[in-house]
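Below: the structure, in structure tokens.
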């Protein structure tokens, strides 16, 4: 007769029912009910969630000297109450290999189980025996290889849903949200240290979604990764908006601004030559880890490019227009025109060479003249952004103002391909800082046992 922890029996024990070191004698009846748990899409079964119902009798073992079952029942109760123990239920006609969480085994619970649910106790025979009803729930995939979760990371669910819409301006937006679920349980019942969480799988699996984003047409505006308390499930979402006509410059996460052009002073019906004031303003967000000067280069490139369009200006004859540059305002330096402002402003030579600013000559009529430059730096908690502003005087007719002011003109730095390449590595499941969840700080705290 096999030795059990729930007392003696005159009947032979057939099969095995044990949990967390407690082996039941054959004085019990059992029942299992199961539920097939679907993934969020409803297309496949993630795992089976079984509940085992046990109605057993606990008696004094032959080798016990105590008069009651108080001591053995106290030990049994604590063991049966503890989650994530080894559960063995074999040779009962339900499958010979239903051994869960056994070290070196092939089947592990995927939801921190097995989880004891209820225990009922009814004393019998002067406290020398008792009726015990015990219920435990365990969650396992029916494909054995998916049950091997230690040390290999497996995924139980990776699904997503998509929303596409259009705003009042006709620009589109896309929202993608989904669920990522992995199996987790303790390596042993007493082991309370996590080696991994669902966040460990974030880069690998969610990158499969984000790598398909067409950043030449869309900008990622929001990313959320919500992790469940048991660290097994991540509900994630992305929001994307269609880029406008002018993409942000390379290396900038966001870029906002405006360009204005207005007559300088009073003009009479805007006839003939008119002196215009063009003002360009841009606010840039540079990602952490990138050089702040990229924002300055992006602004200067657009500023210089817009000023170059003054070559398209039309000067009507007989107007009061300066015949040559004032050397106090402009200095010729190679093929770059550098406005003097106490040396506070210097064009980035590499940028200017790309856009090929042509020098003014002494005999060239001044059509464009820089008149101001300023910047506004956010500091402390506003230090993510910096704003630049520049103004120039433009001489041309009303008929030529669009071509001469450079309205709607872009440099190569606002090309969507350049921008998407520069920000792709920080537009997916992480930014410049990964902010990954450290499993070492997620030890299990048991208040019940």
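Criterion first (under 40 Å from the mean Cα position of the chain (by Cα), modelled with pLDDT of 90 or more and more than 30 Å from residue 177 (Cα to Cα)) does residue 45 satisfy it? Please lay out each step first, then the result.
On the way: under 40 Å from the mean Cα position of the chain (by Cα): yes; modelled with pLDDT of 90 or more: yes; more than 30 Å from residue 177 (Cα to Cα): no.
The answer is no for residue 45.
Residue 294 - would you say it is touching a helix residue (DSSP H, G or I) at 6+ places or on another chain (Cβ under 8 Å), surrounded by 15 or more Cβ atoms within 10 Å (Cβ to Cβ), touching a residue at least 40 places away in the same chain (Cβ under 8 Å) and in the same structural domain as residue 387 (by TED's automatic domain parsing)?
Taking the combined requirement at face value, the residue does not satisfy it.
Which one of these is surrounded by fewer than 21 Cβ atoms within 10 Å (Cβ to Cβ), at pLDDT below 95, out of contact with any helix residue (DSSP H, G or I) (no Cβ under 7 Å at 6 or more places or on another chain) and assigned to a strand (DSSP E or B): 275, 226, 208?
Working: 226 fails: at pLDDT below 95; 208 fails: assigned to a strand (DSSP E or B).
Just one listed residue meets the conditions, 275.
So residue 109 clears everything in (1) surrounded by 13 or more Cβ atoms within 10 Å (Cβ to Cβ); (2) at pLDDT below 90; (3) in a loop (DSSP other than H, G, I, E, B); (4) within 29 Å of the chain's Cα centre (by Cα) except one condition, right? Which one?
Tallying (1) surrounded by 13 or more Cβ atoms within 10 Å (Cβ to Cβ); (2) at pLDDT below 90; (3) in a loop (DSSP other than H, G, I, E, B); (4) within 29 Å of the chain's Cα centre (by Cα), residue 109 fails exactly one: (2).
How many residues does the range 209-259 hold that are within 30 Å of residue 185 (Cα to Cα), within 15 Å of the chain's Cα centre (by Cα) and in contact (Cβ under 8 Å) with a residue 24 or more places away in the chain? Spell out how you get there, then give the answer.
Going through the range 209-259, the residues within 30 Å of residue 185 (Cα to Cα) turn out to be 209-210, 223-238.
After this cut, where a residue has to be within 15 Å of the chain's Cα centre (by Cα) as well, the list is 209-210, 223-228, 233-238.
If we keep only those that are in contact (Cβ under 8 Å) with a residue 24 or more places away in the chain too, we end up with 209-210, 223, 225, 227-228, 233-238.
Total satisfying the criteria: 12.
Results for (1) surrounded by 15 or more Cβ atoms within 10 Å (Cβ to Cβ); (2) modelled with pLDDT under 85; (3) assigned by TED's automatic domain parsing to the domain that holds residue 28; (4) out of contact with any helix residue (DSSP H, G or I) (no Cβ under 8 Å at 6 or more places or on another chain), shown as yes or no for each residue.
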| position | (1), (2), (3), (4) |
| --- | --- |
| 63 | no, yes, yes, yes |
| 67 | no, yes, yes, yes |
| 74 | no, no, yes, yes |
| 84 | yes, no, yes, yes |
| 93 | no, yes, yes, yes |
| 103 | no, no, yes, yes |
| 115 | yes, no, yes, yes |
| 127 | no, yes, yes, no |
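Report yes if some residue within the range 402-411 is at pLDDT 90 or above, out of contact with any strand residue (DSSP E or B) (no Cβ under 6 Å at 6 or more places or on another chain), buried (at least 16 other Cβ atoms within 10 Å of the Cβ) and part of a helix (DSSP H, G or I); otherwise report no.
Yes; the residues of the range 402-411 include at least one that is at pLDDT 90 or above, out of contact with any strand residue (DSSP E or B) (no Cβ under 6 Å at 6 or more places or on another chain), buried (at least 16 other Cβ atoms within 10 Å of the Cβ) and part of a helix (DSSP H, G or I).
Looking at (1) in the same structural domain as residue 293 (by TED's automatic domain parsing); (2) in contact with a strand residue (DSSP E or B) (Cβ under 8 Å, 6 or more places away or on another chain), which is the only condition residue 233 fails?
All conditions pass for residue 233, except number (1).
From the list 383, 430, which one is in contact with a helix residue (DSSP H, G or I) (Cβ under 7 Å, 6 or more places away or on another chain), closer than 30 Å to residue 237 by Cα and surrounded by fewer than 19 Cβ atoms within 10 Å (Cβ to Cβ)? Full working, then the answer.
Values: 383 fails: in contact with a helix residue (DSSP H, G or I) (Cβ under 7 Å, 6 or more places away or on another chain).
Sole residue among the options that is in contact with a helix residue (DSSP H, G or I) (Cβ under 7 Å, 6 or more places away or on another chain), closer than 30 Å to residue 237 by Cα and surrounded by fewer than 19 Cβ atoms within 10 Å (Cβ to Cβ): 430.
The values are calculated or read from the model by the stated rules, or taken from the named source; none is laboratory data. This one's a predicted model, so the numbers in the text were calculated from it and none came from an experiment. Cβ: placed from backbone, ideal geometry, glycine included. Neighbour counts: every protein chain shown.
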